[in-house]
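Chemist: Once you've had a glance at the structure underneath, I'll fire off some questions.
The values are calculated or read from the model by the stated rules, or taken from the named source; none is laboratory data. Given the structure is predicted, the values throughout are model-derived calculations rather than measurements. Counting neighbours? That spans all protein chains shown, and the Cβs are built from the backbone with ideal geometry, glycine included.
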Amino acid sequence: MSFFNTYGERLIDAIQIHLFYVLSSVFIGFVIALILGIILSRIPRYANIIMPLLSIFQTIPGIVFIGVLFLYLGMIPATVIIALAVYAIFPVLKNTYTGLMDVKPEYIEAAKGCGMSPIQTLLEVELPLATPSIITGLRMSTIYTVSWSVLAAMIGLGGLGEFIYIGIASNNNALILLGAIPAALMAIVLSLLIDGLRRLIVPKGLRSLK
Amino acid sequence: MIRFENVRKKYGDTVILDNLSFNIEPGEFVVLIGPSGCGKTTTLKSINRLITPDQGKIFIDGQDISEVNPVKLRRKIGYVIQQIGLFPNMTIEQNIGIVPKRLKYSKSKIKEITRELMEMVDMSFEDYAHKYPSELSGGQQQRIGVLRALAASPPIVLMDEPFGALDPLTRSTLQDEIVKLHKKLKKTIVFVTHDMNEALDLADKIIFMEKGEIVQMATPDEMLAHPASALIRDFMRKSSSSADSSDLTAADFMKTKFFSVYKKRSIRECTDLMARQHIDSLLIKNDDNTYAGIVTIRAIKKHGKSSGSIGDITPHVNITSNISENAKESFDKLYATDDNYVVVLEDDNTIAGIITKTGMATAMADTLWGDMQ
């Protein structure tokens, strides 16, 4: 029990910080990705060049990216959040883009024929039809970000990664687990929440199609 | 009124519309028909500006549509497509209300319109309004597709092969309904199809197109009587033989009341039977019930003897049809032979029935003027 007495408070702090990193970076990444995905879906010809370029970017290891940002921005939370947000973008972007591109042309033609403006078509037909795909992207981003947030500790910015790093450095398995288990639980809980969200916002008429 | 003036459209080097000029009068049901690639759909889509012509002008009620905002233009023109395109994320009520909502009708007004329209096609508002398209059958979905086009009571409705993907029975029901709706609502309807039967059934005027040009623009009667080209004649023939009558088989027209005897029956018994039933021939069966042929009264006279069995007379082998054979082929056989009927056989060569010339006449009358019974 003394273990928890020693680390209990720090654990709660760490979870809060970790969660803050995850939520803020996923939120920022999601908004950017959604907008970018919509823009790219309007210009599929360019998207075919841009998407692969972005996916190359995705392969840069997170450690490298955080390290480089650290050099420019210093040890502030923004460094972590920006880095994580950048990584959170891609899954959402990819799913938004494919989700929008997969909307059957007949719906778009019908919308046009009904006198819907391009914006109305996007908001009332295309985006609702793409929501299942977009939410899948959001779920992926969130789960990835929970694990990437561990890297924050690398530049001394806390989160659950702190326990893991200290644990590894001091060869203390209990400490490693103290960081790893809450992180895993966080990923599970967040993905369950997103599943709940999916039920809430995926249009009812689409559910029977799945 | 819709007026096309020298409308041209090219994709690359392919001419899609070649100097097209014609008028459609208000309230007319006009069907555009022709082989694929003839430009009928392009013509249709240029009316609501889904396609913009390269040259020429299109006027609706005297106004050049290229000067009208396309979004506003389309709200005054109903549009029905073959793939139906009901929005799966919206209920039936929301789908029907799409255009009225854009035109800022009040919610209660939209509901009222939806209810009225649904009643016109015998779909109850209570049962269906809150369902999603995926819960409806194809035919029901396309009914809603048509209603969606009518919801804001546009003076013009465009239909791009709306019934092309439906099964024949549903198609003919919807065709009837659209004729009824047209009579009731007096809209100008421009309808694209490649099915000549559909065109003949629905149109006030048929525009037959080929290679981006109008080959003939005429009423169905006129086109039937004086098709302007071999292609049109061909189209009419193909569709008249390919349509509903194509599913009918010999079994649908045969009479199952006929007189057959085994070979061992005596000739006297047979002549008595013929006299009693006022018939001049009998179907002869082998002992295993398979068909052997027919014997006519003339053959019996020629045989000369009234003793012995009917099997002594070589039966005349009449023309036969299989029970599952296309009715038209059976008719052709009957038409070609001197005999008064075709014998229809089961797959095991037993006798199923006969098709007589009277039966054929009734069947033809049915297809021409509807069910006579």
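Chemist: Would you be able to say whether some residue in segment B:232-251 is acidic (Asp, Glu), farther than 30 Å from residue B:353 by Cα and at pLDDT 90 or above?
Modeler: no
Chemist: In segment A:81-88, is there at least one residue being in contact with a strand residue (DSSP E or B) (Cβ under 9 Å, 6 or more places away or on another chain), assigned to a helix (DSSP H, G or I) and modelled with pLDDT under 95?
Modeler: no
Chemist: Only residues that are out of contact with any helix residue (DSSP H, G or I) (no Cβ under 6 Å at 6 or more places or on another chain) and either free of Cβ contacts under 8 Å to residues at least 24 places away in the same chain or in a loop (DSSP other than H, G, I, E, B) (or both): list them for segment A:58-71, please.
Modeler: Correct list: A:59, A:60, A:61, A:64, A:68, A:71.
Chemist: Hey, among the residues in segment A:105-125 that are within 25 Å of the chain's Cα centre (by Cα) and facing another protein chain (nearest Cβ under 10 Å), which one's surrounded by the most Cβ atoms within 10 Å (Cβ to Cβ)?
Modeler: Per the stated criteria, the residue is A:125.
Chemist: Please go through segment B:300-336 and pick out each residue that is part of a helix (DSSP H, G or I) and out of contact with any helix residue (DSSP H, G or I) (no Cβ under 9 Å at 6 or more places or on another chain).
Modeler: B:301, B:302, B:311, B:332, B:333, B:336
Chemist: Tell me which residues, restricted to segment B:105-146, are at the interface with chain A (Cβ under 9 Å from one of its Cβ atoms), assigned to a helix (DSSP H, G or I) and not charged (D, E, K, R).
Modeler: Scanning segment B:105-146 gives B:133, B:134, B:145.
Chemist: Tell me, which helices (runs of 4 or more DSSP H) lie completely within segment B:196-299 with 3 or more residues that are surrounded by fewer than 17 Cβ atoms within 10 Å (Cβ to Cβ)?
Modeler: The helices (runs of 4 or more DSSP H) meeting that bar are B:220-225, B:230-242, B:267-277.
Chemist: If you don't mind, there's one more thing I want to ask. Going by the conditions given, is residue A:3 assigned to a helix (DSSP H, G or I), hydrophobic (A, V, I, L, M, F, W, C), loosely packed, with under 13 Cβ neighbours inside 10 Å and touching a helix residue (DSSP H, G or I) at 6+ places or on another chain (Cβ under 9 Å)?
Modeler: yes
Chemist: Restricted to segment B:13-45, and to residues that are among the small types (Gly, Ala, Ser) and at pLDDT below 90, which residue is farthest from residue B:195 (Cα to Cα)? Please lay out each step first, then the result.
Modeler: In the first step, residues of segment B:13-45 are kept if they are among the small types (Gly, Ala, Ser); the result is B:21, B:27, B:34, B:36-37, B:39.
Still in the list and also at pLDDT below 90: B:36-37.
Working: B:36: 11, B:37: 14 Å.
Only one residue fits best here, namely B:37.
Chemist: Let me ask you something else. Which one is nearest to the other protein chains (Cβ to nearest Cβ), of the residues in segment A:154-210 that are among the polar types (S, T, N, Q) and more than 19 Å from residue A:144 (Cα to Cα)?
Modeler: This residue is A:208.
Chemist: Of these, B:104, B:131, B:109, which one is on the phi > 0 side of the Ramachandran plot and either modelled with pLDDT of 95 or more or of a type outside the set (Phe, Trp, Tyr) (or both)? Full working, then the answer.
Modeler: Details: B:131 fails: on the phi > 0 side of the Ramachandran plot; B:109 fails: on the phi > 0 side of the Ramachandran plot.
When all the criteria are applied, what remains is B:104.
Chemist: Still on this structure, please answer the following. Suppose we filter B:287, B:347, B:272 for residues that are under 42 Å from the mean Cα position of the chain (by Cα) and among the acidic types (Asp, Glu); which single one remains?
Modeler: Among B:287, B:347, B:272, only B:347 is under 42 Å from the mean Cα position of the chain (by Cα) and among the acidic types (Asp, Glu).
Chemist: Would you mind stating whether residue B:34 is under 26 Å from residue B:223 (Cα atoms), touching a Phe, Trp or Tyr at 6+ places or on another chain (Cβ under 7 Å) and not hydrophobic (A, V, I, L, M, F, W, C)?
Modeler: So residue B:34 passes the test.
Chemist: Name the single residue that is farthest from the chain's Cα centre (by Cα) among those in segment A:136-154 being surrounded by fewer than 19 Cβ atoms within 10 Å (Cβ to Cβ) and among the hydrophobic types (A, V, I, L, M, F, W, C).
Modeler: Result: A:154.
Chemist: List the residue pairs whose Cβ atoms are under 6 Å apart, where the first residue sits in segment B:105-119 and is surrounded by 12 or more Cβ atoms within 10 Å (Cβ to Cβ), the second is among the hydrophobic types (A, V, I, L, M, F, W, C), and the two are 6 or more positions apart or on different chains.
Modeler: Listed by first residue and then by second, the contacts come to B:113/B:151; B:114/B:96; B:115/B:125; B:117/B:147; B:118/B:125.
Chemist: Which pairs do you get when a residue that is closer than 17 Å to residue A:43 by Cα and touching a residue at least 12 places away in the same chain (Cβ under 8 Å), found in segment A:116-128, comes within reach of a residue that is aromatic (Phe, Trp, Tyr) and in a helix (DSSP H, G or I), reach meaning Cβ atoms under 8 angstrom, with the pair 6+ apart or on two chains?
Modeler: Here the result reads A:126/A:107, each pair linking segment A:116-128 to a residue that is aromatic (Phe, Trp, Tyr) and in a helix (DSSP H, G or I).
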